[in-house]
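One structure below.
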Amino acid sequence: MALAHMLASVHADVHALTVDHGLRPESASEALQVSGWLAGLPNITHSILKWHGAKPDHGIQQSARDARYALMSQYCRDHGITHLAIAHHRDDQVETFFMRLTRGSGVDGLASMRAMQPYDDALTLWRPLLATAGHDDLVAWCRDHDIPWVEDPTNDSPKYTRNRLRAALHNEGLDARRIATTARRMERASDALRVLSDRLLQKALIEKNDDAWTLDLNHLRAEPFELAVRVLRTCIDSLGPESDYGARYDRVENLCTALLDASSPNAMTLGGCVVRVNPKKATLSVMAESRQNVGKSLPLQANGL
C-alpha cells in the first residue's frame, strides 16, 4: 500500500497487482479490501491475480513465490509493462543476507537482492525501497498519509526460517542499515568479479559453438581461482539446461579444483554438461550433455564421475 501510494504520486499510470494465493480463508476478502482501498488513490489500475489449482504439502513458500511471480510477469507481458516494482525493503534485505550467510553463500549470494534485476528478456524487477526504507518506515508512511494496510499473519509464524531469523535479529538489536550497507558492498564486489571473469572468458576462449566451448587451460590456471570458477560456471550455465539458479557454486568449485590440477585427461559431469580437461593439449572443454555428444567424443566413465 505504501509503495502504491508513492508510485501513484509521481506516475500517471500505475498498475497495482494483488496476488490471492488461496492459502488462507480470508485471503480473498483481503484482496477485495485492498482493491477498495486503492480505488481511492489516483492513477492506479488494480487487478487481483489468483493462484488456482492444488497447493503442495511441502515447500509452500517457494511454490507460492514461483506462482506469484509467474502470475505477475504474465500480467506485465499482457499489458506491455517492462518494470515490476516490488516493496522489498531494507529489513527484507538484511534477512536475505543472513539466510544466505547460514547457507555458506559466497560474494554473489551475500550481495542479496538487487534494486534492479532482470526477471526475463522482457521484464525487470525494481525494488525502489531496498536501501531507503525499513518496515517501520513504511508503517509510518501509511500512518502519516492515512493509508490502511494489512499485516500478513504468516510473517509471525515460527514455522518459517525467515520469520525465526527476523525475530532473532530483532532480539540481538543488529543494525539493519549497516548490514544493508555490507550487502551493497558485496554487490559491488560481485559486479567487479563478473567483469573480470567475463574478460578471462574472452581471453581463454579458443572455440565456441552451440553445444561446446573450448578454453585455454593455461589462461585459467594463471588467474585467481575465483575467476576460473566463475568462468567455468558461466560455461556450464550457458550450455546446460535452463535453470533458475544455475549450477551449485560449491560443486563448480570442486569440479574446477579437480580439473585444473589434473595431470592426465579427465572428464566430469555437472549441470547438464560434460567438462573435459586435456593437460597435454592444455585445453578445458565444456559440452552439453546430450546422448549424441557424449557417445561421440567423451569416455564412457564421464557420466559416472
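The values are calculated or read from the model by the stated rules, or taken from the named source; none is laboratory data. Everything quoted here is computed from the prediction, not taken from an experiment. Virtual Cβ from ideal backbone geometry, glycine too; neighbours counted across all protein chains shown.
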**Asked** Does the stretch 267-281 contain any residue that is touching a residue at least 40 places away in the same chain (Cβ under 8 Å), out of contact with any strand residue (DSSP E or B) (no Cβ under 8 Å at 6 or more places or on another chain) and closer than 29 Å to residue 119 by Cβ?
**Response** no
**Prompt:** Could you say whether any residue in the stretch 65-84 is without any contact (Cβ under 8 Å) to a residue 12 or more places away in the chain and farther than 17 Å from residue 123 by Cα?
**Reply:** no
**Message:** Among the residues of the stretch 50-69, are any at pLDDT 95 or above and outside any helix (DSSP H, G or I)?
**Reply:** yes
**Prompt:** What about residue 3, is it crowded, with 16+ Cβ neighbours inside 10 Å and in contact with a Ser or Thr (Cβ under 8 Å, 6 or more places away or on another chain)?
**Reply:** no
**Item:** Residues within the stretch 124-145 that are in contact with a Phe, Trp or Tyr (Cβ under 6 Å, 6 or more places away or on another chain) and closer than 23 Å to residue 184 by Cβ, tallied
**Value:** 1
**Complete:** Restricted to the stretch 198-239 and to residues being among the β-branched types (Val, Ile, Thr) and in contact with a strand residue (DSSP E or B) (Cβ under 8 Å, 6 or more places away or on another chain), the residue surrounded by the most Cβ atoms within 10 Å (Cβ to Cβ) is 231
**Item:** 3 or more residues closer than 19 Å to residue 107 by Cα: qualifying helices (runs of 4 or more DSSP H) within the stretch 186-282
**Value:** 225-239, 249-260
